[in-house]
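Heads up: the structure comes next, in structure tokens.
The values are calculated or read from the model by the stated rules, or taken from the named source; none is laboratory data. Note that the structure is a prediction, hence the values are computed from the model and not measured. We place every Cβ from the backbone using ideal geometry, glycine too, and count neighbours over all the protein chains shown.
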Ligand code: SF4
């Protein structure tokens, strides 16, 4: 054990790297900043994923890719496009042979959009990434030069992993004495310890990545800085801190956002719980986060009001796995508070949500948009997934929330192992039936991970590599898929049909602010109790408080009024 410790011995630079959809300020590095500052450390944070000259290359990449993919094969274009971009970025930073690189990019696009790109088109996409990494290098060197850190850390998610590796290599090359450290969600899905991906990652980053933190990042990071962890190890997990976890009810650090440009994000972020009480077959949340815990709602609301007082944004993104277990108490607490807060969060279709009084209570308490993993319209598939809901509960939940005016984002899994054409048709039929009560429909093709999912053991016998084995050095993180029905090609075909079906029904899946605005206008036309538009809630000069008076609308509805009585 070494003693390289003490707050005065360290300057810490934590960066969040391209690309990540900037709904909320990065929570990992900003809560870590807060935690370490409270213990006396100097910490600077930066979010490069929202910086204009990098973001414009993201836009350019997708503008080109979109133009190259035929209309009937675009599917859920951005979602699956992020897989293409991640793998392409990895191939770009690890390329050694130009011809092999071009072939690999063609394969990556083909296995996602089932379209073959010509070589000139591949080279156009490559050029965008060349400029991206040049600009990233300039910006990173500027930060390293100004901050002169002793420790340089970042967060790995699927979209940011290639940039992290690029940044650490650069830091090692230019400032070899700086310690590099990584944590993040990638270690819960693509890079779970014990998998071939993790072993390859360890080996290939040996020269420039010093420490890997898996789970409970705040406690582990602090202990490492204090020299309380063995310095000769690269990977630290919660076993190194005797399983200690952050006590969400007492040991709370609200993120320090002072280095962030908050105008770049749609929401502030908050959380009222940890992990999930359920165990769906394809999900790894419980495996990673362990037992489900809920925070005191008074504390959660107090933390949100503190953020509102400081930064002035009423609209929060709750990043809990599920709100179900505390949403009613949470809503009551917001109603009691002096600030009309609004929040977006994950909700599971359930009996409570089938009750209109509950939906109205949540609406009064600021529930702005429900994000619901409804997955399928087929009871058979819901049972395979172990979702423990019925299509009727999905129906009733969606209809009730919509009646209360709460925006309903519905997530559907297309092509879960065992899904038949008949099951898929039931999904399309349910969407059609609910079309006016769905604010947004988004489908995701079923994704298989090497391990970590609830049904991993059962599926492990049917897996095979999606990309060529000889591309492992370039991709580092390989993708597996299953030799199981429906086939990957069929899954992606169904995804295209899903998207076309929703387009025909006029159900949006908005990405840009302009698309969000249009989706909100549609919602207002359909639902008299509709929540305010995102544009109104983003206006920091306004304090929107219509949720406080929404009660009169439900009373009006119960007495079967004229339509005009509902107008807000
Ligand atoms: S899919 Fe949602 S409800 Fe199911 S285990 Fe994961 S977080 Fe929980």
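Screening residue 554 with (1) assigned to a helix (DSSP H, G or I); (2) surrounded by 15 or more Cβ atoms within 10 Å (Cβ to Cβ); (3) modelled with pLDDT of 95 or more gives one miss only, at (3).
Screening the candidates 459, 412 for the property of being free of Cβ contacts under 8 Å to residues at least 60 places away in the same chain, buried (at least 16 other Cβ atoms within 10 Å of the Cβ) and under 29 Å from residue 108 (Cα atoms) yields one hit, 459.
Considering only segment 264-299, how many residues are more than 16 Å from the ligand (Cβ to nearest atom), in contact with a helix residue (DSSP H, G or I) (Cβ under 8 Å, 6 or more places away or on another chain) and more than 30 Å from residue 51 (Cα to Cα)? Break it down into steps so the answer makes sense when it comes.
Residues of segment 264-299 more than 16 Å from the ligand (Cβ to nearest atom): 264-270, 295-299.
Next, from what is left, pick out any that are in contact with a helix residue (DSSP H, G or I) (Cβ under 8 Å, 6 or more places away or on another chain): 264-266, 268-270, 297-298.
Then drop every residue that is not more than 30 Å from residue 51 (Cα to Cα), which leaves 297-298.
Residues flagged as more than 16 Å from the ligand (Cβ to nearest atom), in contact with a helix residue (DSSP H, G or I) (Cβ under 8 Å, 6 or more places away or on another chain) and more than 30 Å from residue 51 (Cα to Cα) within segment 264-299 amount to 2.
Of the residues making up segment 134-156, those that are within 27 Å of residue 84 (Cβ to Cβ) and either buried (at least 21 other Cβ atoms within 10 Å of the Cβ) or touching a strand residue (DSSP E or B) at 6+ places or on another chain (Cβ under 8 Å) (or both) number 5.
Could you say which residue among 475, 537, 516 is under 25 Å from the mean Cα position of the chain (by Cα) and not assigned by TED's automatic domain parsing to the domain that holds residue 370? Don't jump to the end; show me each part of the working.
Details: 537 fails: not assigned by TED's automatic domain parsing to the domain that holds residue 370; 516 fails: not assigned by TED's automatic domain parsing to the domain that holds residue 370.
One residue alone meets the criteria, 475.
Is it true that some residue in segment 387-406 is surrounded by fewer than 20 Cβ atoms within 10 Å (Cβ to Cβ), modelled with pLDDT of 95 or more and within 16 Å of the ligand (Cβ to nearest atom)? There is at least one residue in segment 387-406 that is surrounded by fewer than 20 Cβ atoms within 10 Å (Cβ to Cβ), modelled with pLDDT of 95 or more and within 16 Å of the ligand (Cβ to nearest atom).
Out of segment 148-179, which residues are outside any helix (DSSP H, G or I), within 17 Å of residue 47 (Cα to Cα) and over 22 Å from the mean Cα position of the chain (by Cα)? Those that are outside any helix (DSSP H, G or I), within 17 Å of residue 47 (Cα to Cα) and over 22 Å from the mean Cα position of the chain (by Cα): 149, 151, 152. Taking segment 188-228 as the range and being more than 17 Å from residue 163 (Cα to Cα) and part of a loop (DSSP other than H, G, I, E, B) as the test, the residues that pass are 189, 192, 193, 194, 195, 215, 216, 226, 227, 228.
Considering segment 344-359 alone, what residues qualify as being within 16 Å of the ligand (Cβ to nearest atom) and either within 20 Å of residue 529 (Cα to Cα) or within 26 Å of the chain's Cα centre (by Cα) (or both)? Steps first, answer last, please.
The first filter runs over segment 344-359 and keeps only residues within 16 Å of the ligand (Cβ to nearest atom), leaving 344-353.
Hits for segment 344-359 are 344, 345, 346, 347, 348, 349, 350, 352, 353.
Can you go through 313, 324 and tell me which one is under 21 Å from residue 272 (Cβ atoms), within 16 Å of the ligand (Cβ to nearest atom) and part of a loop (DSSP other than H, G, I, E, B)? Even if it seems obvious, please write down each step before you answer.
Details: 313 fails: within 16 Å of the ligand (Cβ to nearest atom).
On inspection, the qualifying residue turns out to be 324.
Picking from 76, 72, which residue would you name as being touching a residue at least 60 places away in the same chain (Cβ under 8 Å) and surrounded by 16 or more Cβ atoms within 10 Å (Cβ to Cβ)?
Values: 72 fails: surrounded by 16 or more Cβ atoms within 10 Å (Cβ to Cβ).
After applying the criteria, what remains is 76.
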